[in-house]
1. Quick one: in region 64-97, which of the residues that are in a helix (DSSP H, G or I) and touching a helix residue (DSSP H, G or I) at 6+ places or on another chain (Cβ under 7 Å) is surrounded by the most Cβ atoms within 10 Å (Cβ to Cβ)?
2. Touching a residue at least 40 places away in the same chain (Cβ under 8 Å), loosely packed, with under 15 Cβ neighbours inside 10 Å and farther than 25 Å from residue 110 by Cα - does that describe any residue in region 40-47?
3. Is there a residue being modelled with pLDDT of 50 or more and over 22 Å from residue 58 (Cβ atoms) anywhere in region 119-141?
4. Considering region 49-63 alone, what residues qualify as being buried (at least 19 other Cβ atoms within 10 Å of the Cβ) and touching a residue at least 40 places away in the same chain (Cβ under 8 Å)?
């Protein structure tokens, strides 16, 4: 299947079976390639809107002119950890891409030194949601070999 435009997730490539331990994420984006260590069917069964979240990261990557995207992303991740104890809750890029559709929890800014628990897929997703398999049909799936 050929890649399609961003309106229908065109131009996105989906990788699955990623085997390295970094980055620590259910899915991550490099350019227009969205990769997971799982399969996309499993990921979308847990979080049907994940592709929309990751697609937003592809646009962020573009407007940051490629690899420079990771410099502010790491800075905002550190800022988020300092402010909330969570790597995504106050990360500008994660908030702009949609925290809840990415499987993250919007923790408040902490007042004291207490640490908020890390986000989990179970806290934000519901098994009662209808799974939208359409994004899988619109993107190209690529197996990753490590």
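The values are calculated or read from the model by the stated rules, or taken from the named source; none is laboratory data. Computed from a prediction, not measured in an experiment: that's the story for all the values here. Counting neighbours? That spans all protein chains shown, and the Cβs are built from the backbone with ideal geometry, glycine included.
1. Residues of region 64-97 that are in a helix (DSSP H, G or I), as a first pass: 67-84, 92-97.
Still in the list and also touching a helix residue (DSSP H, G or I) at 6+ places or on another chain (Cβ under 7 Å): 69, 73, 76, 92-94, 96-97.
Details: 69: 20, 73: 18, 76: 19, 92: 15, 93: 18, 94: 24, 96: 13, 97: 22.
Within region 64-97, the match that is surrounded by the most Cβ atoms within 10 Å (Cβ to Cβ) is 94.
2. First pass over region 40-47, keeping only residues touching a residue at least 40 places away in the same chain (Cβ under 8 Å): 40-41, 44-47.
Keeping just the survivors that are loosely packed, with under 15 Cβ neighbours inside 10 Å gives 41.
Next cut, farther than 25 Å from residue 110 by Cα only: 41.
Yes, region 40-47 contains a residue that is touching a residue at least 40 places away in the same chain (Cβ under 8 Å), loosely packed, with under 15 Cβ neighbours inside 10 Å and farther than 25 Å from residue 110 by Cα.
3. Within region 119-141, none of the residues are modelled with pLDDT of 50 or more and over 22 Å from residue 58 (Cβ atoms).
4. Taking region 49-63 as the starting set, the residues that turn out to be buried (at least 19 other Cβ atoms within 10 Å of the Cβ) are 50-51, 53-55, 57-58, 61.
50, 51, 53, 54, 55, 57, 58, listed by residue number.
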